[in-house]
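Undergrad: Dropping a structure here in structure tokens format, bear with me for questions.
The values are calculated or read from the model by the stated rules, or taken from the named source; none is laboratory data. Source: prediction; values computed, not measured. All Cβ positions, glycine included, derive from the backbone under ideal geometry; neighbour counts span all protein chains shown.
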Amino acid sequence: MSKQLTSAVNTSGDRIFLGIILAIVMVFCMSVMDGIAKWLTASYSLISIILIRNTFSLPLTVALVIKSGGWQTLRCDRPWLLLARSALIIVTAGSFYAALPLMPLAEAFAITFVGPLFITILSVIFLGEKVGPHRWGVVFTGFCGVLVIFQPGTDAFQPAAFLPLIAAFFYAVLMIITRQLRHHSTSAGITFWGTLTTVILALVALLLPWDAFAWTRPDNSDLLMILVMAIVATTAHFLTSQAYRIAPAAVIAPFEYTILLWGLLFGWFFWNEIPEAHVLIGAAVIVASGLYLIYRESRSMRKTVLDSRLPENSRHPTA
């Protein structure tokens, strides 16, 4: 192996390892953010939490922009994608936060694991990707796991479980948009514009005559919690775009499932929540389906790369 090839392999390996570290920290930050949100939703309206959190995040994103290279990092030739992404942030966060006072944290996390399954479906609709019967079978199996958690037709069924399912769907759309924006904006730019437009949209939402959009002024004692939430939220959003930028999605995505462990730990420690057996079984089915989809996608990508390189690198046996 040449020195140049060895150096390239080592550099690639270092970036993948860094991407994994960023993913682990990202998931922890998201867990802390959602844990704080669960605590706050008992006292404050959803739009108030989203507005104040992103308002606190705004100066942090400005500092991030300055540190990442200055105002030129804010350039983006797809402003409508940024606006759509911000609107989806509000819908996704609002749906998920609305479920937190009504169900255990780990159960809400488990239902959102159908995100990769939704991404598979949406990739067919919006990206024109071809999905064979094998992957459709995996998607079907994953949604069977959702039914195990939902327990429709039994006393265990609760309509609130649809809220994290809705959040998972819009999160999948959000991830597709973020993936498309990676060619048109920097990680710092995506984070800044996402935060700024989320604040603006949240202010507009205050004008709507719904209780979920009513303004609730937080107590001074809770402002510190919202500030911490803003810090970890900003960190998580930046690390999400950065991790997927420097490492393949097939490497990063499996680590997102570790949020269930944090959900179990936080739910048990702070709220004495212990998920029932059917929730854990359903979560296991969904996680297994998601991981298998990631594995198939990774193998497909490797095959595509090898096939594209074969004519260039192959030699006739008699040459």
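Undergrad: When the residues of the range 108-150 are narrowed to those that are modelled with pLDDT of 85 or more and polar (S, T, N, Q), which ends up farthest from Gln180 (Cα to Cα)?
TA: Residue satisfying both the conditions and the ranking: Thr141.
Undergrad: The conditions are (1) more than 16 Å from the chain's Cα centre (by Cα); (2) in contact (Cβ under 8 Å) with a residue 12 or more places away in the chain, and Tyr257 fails exactly one of them. Which is it?
TA: For Tyr257, the failing item is (1).
Undergrad: Name the residue, out of Gly145, Gly115, Gly132, Gly128, that is out of contact with any Lys or Arg (no Cβ under 7 Å at 6 or more places or on another chain) and either aromatic (Phe, Trp, Tyr) or closer than 19 Å to Tyr244 by Cβ (or both).
TA: Gly115
Undergrad: Counting only residues that are buried (at least 24 other Cβ atoms within 10 Å of the Cβ) and not in a helix (DSSP H, G or I), how many does the range 104-121 have?
TA: 2
Undergrad: Let me ask something additional. Looking at Thr195, Thr178, Thr235, Thr240, can you tell me which residue is hydroxyl-bearing (Ser, Thr, Tyr), farther than 20 Å from Ala87 by Cβ and touching a residue at least 60 places away in the same chain (Cβ under 8 Å)?
TA: Of the residues listed, the single one that is hydroxyl-bearing (Ser, Thr, Tyr), farther than 20 Å from Ala87 by Cβ and touching a residue at least 60 places away in the same chain (Cβ under 8 Å) is Thr235.
Undergrad: Also, I was wondering about something else. Inside the range 198-219, can you point out the residues that are farther than 18 Å from Ala84 by Cβ and among the small types (Gly, Ala, Ser)?
TA: Result: Ala212, Ala214.
Undergrad: Sort through Ala87, Ala99, Ala168 and tell me the only one that's of a type outside the set (Phe, Trp, Tyr), buried (at least 17 other Cβ atoms within 10 Å of the Cβ) and within 30 Å of Gly189 (Cβ to Cβ).
TA: Exactly one of Ala87, Ala99, Ala168 is of a type outside the set (Phe, Trp, Tyr), buried (at least 17 other Cβ atoms within 10 Å of the Cβ) and within 30 Å of Gly189 (Cβ to Cβ), namely Ala168.
Undergrad: I need the full set of residues from the range 192-224 which are within 24 Å of Phe238 (Cβ to Cβ) and not small (Gly, Ala, Ser), in order please.
TA: Those that are within 24 Å of Phe238 (Cβ to Cβ) and not small (Gly, Ala, Ser): Phe192, Trp193, Thr195, Leu196, Thr197, Thr198, Val199, Ile200, Leu201, Leu203, Leu223, Leu224.
Undergrad: Now a separate question. I'd like the full set of residues that are part of a helix (DSSP H, G or I) and either touching a Ser or Thr at 6+ places or on another chain (Cβ under 7 Å) or surrounded by fewer than 19 Cβ atoms within 10 Å (Cβ to Cβ) (or both), limited to the range 37-48.
TA: Residues satisfying the conditions are Trp39, Ser48.
Undergrad: Taking the options Ile166, Ile259, Ile190, name whichever one is modelled with pLDDT of 80 or more, β-branched (Val, Ile, Thr) and closer than 18 Å to Ile47 by Cα.
TA: The conditions single out Ile166.
Undergrad: Let me ask another. Name the residue that is surrounded by the most Cβ atoms within 10 Å (Cβ to Cβ), counting only residues in the range 202-226 that are within 22 Å of Ser31 (Cβ to Cβ) and of a type outside the set (D, E, K, R).
TA: Ile226
Undergrad: Related question: Just checking, does the range 84-99 include any residue being among the small types (Gly, Ala, Ser), over 30 Å from Ser45 (Cα atoms) and at pLDDT below 85?
TA: No, the range 84-99 contains no residue that is among the small types (Gly, Ala, Ser), over 30 Å from Ser45 (Cα atoms) and at pLDDT below 85.
Undergrad: I'm checking my understanding of the structure. Among residues of the range 133-149 that are without any contact (Cβ under 8 Å) to a residue 40 or more places away in the chain and surrounded by 11 or more Cβ atoms within 10 Å (Cβ to Cβ), which one is nearest to the chain's Cα centre (by Cα)?
TA: Of everything passing the filter in the range 133-149, Phe143 is nearest to the chain's Cα centre (by Cα).
Residue-wise test of (1) touching a strand residue (DSSP E or B) at 6+ places or on another chain (Cβ under 8 Å); (2) modelled with pLDDT of 85 or more; (3) crowded, with 22+ Cβ neighbours inside 10 Å.
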site: Ile200; (1), (2), (3): no, yes, no
site: Val228; (1), (2), (3): no, yes, no
site: Thr234; (1), (2), (3): no, no, yes
site: Thr240; (1), (2), (3): no, no, yes
site: Glu276; (1), (2), (3): no, yes, no
site: Leu280; (1), (2), (3): no, yes, no
site: Ile286; (1), (2), (3): no, yes, yes
site: Arg296; (1), (2), (3): no, no, no
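Undergrad: Does the range 155-178 contain any residue that is charged (D, E, K, R) and not in a helix (DSSP H, G or I)?
TA: yes
Conditions (1) assigned to a helix (DSSP H, G or I); (2) under 19 Å from Gly94 (Cα atoms), marked per residue:
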{"residue": "Leu201", "(1), (2)": "yes, yes"}
{"residue": "Leu207", "(1), (2)": "no, yes"}
{"residue": "Ile226", "(1), (2)": "yes, yes"}
{"residue": "Leu239", "(1), (2)": "yes, no"}
{"residue": "Gln242", "(1), (2)": "yes, no"}
{"residue": "Ile252", "(1), (2)": "yes, no"}
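Undergrad: Moving to a separate point now. Name the single residue that is farthest from the chain's Cα centre (by Cα) among those in the range 260-289 being under 16 Å from Gly142 (Cβ atoms) and of a type outside the set (A, V, I, L, M, F, W, C).
TA: His278
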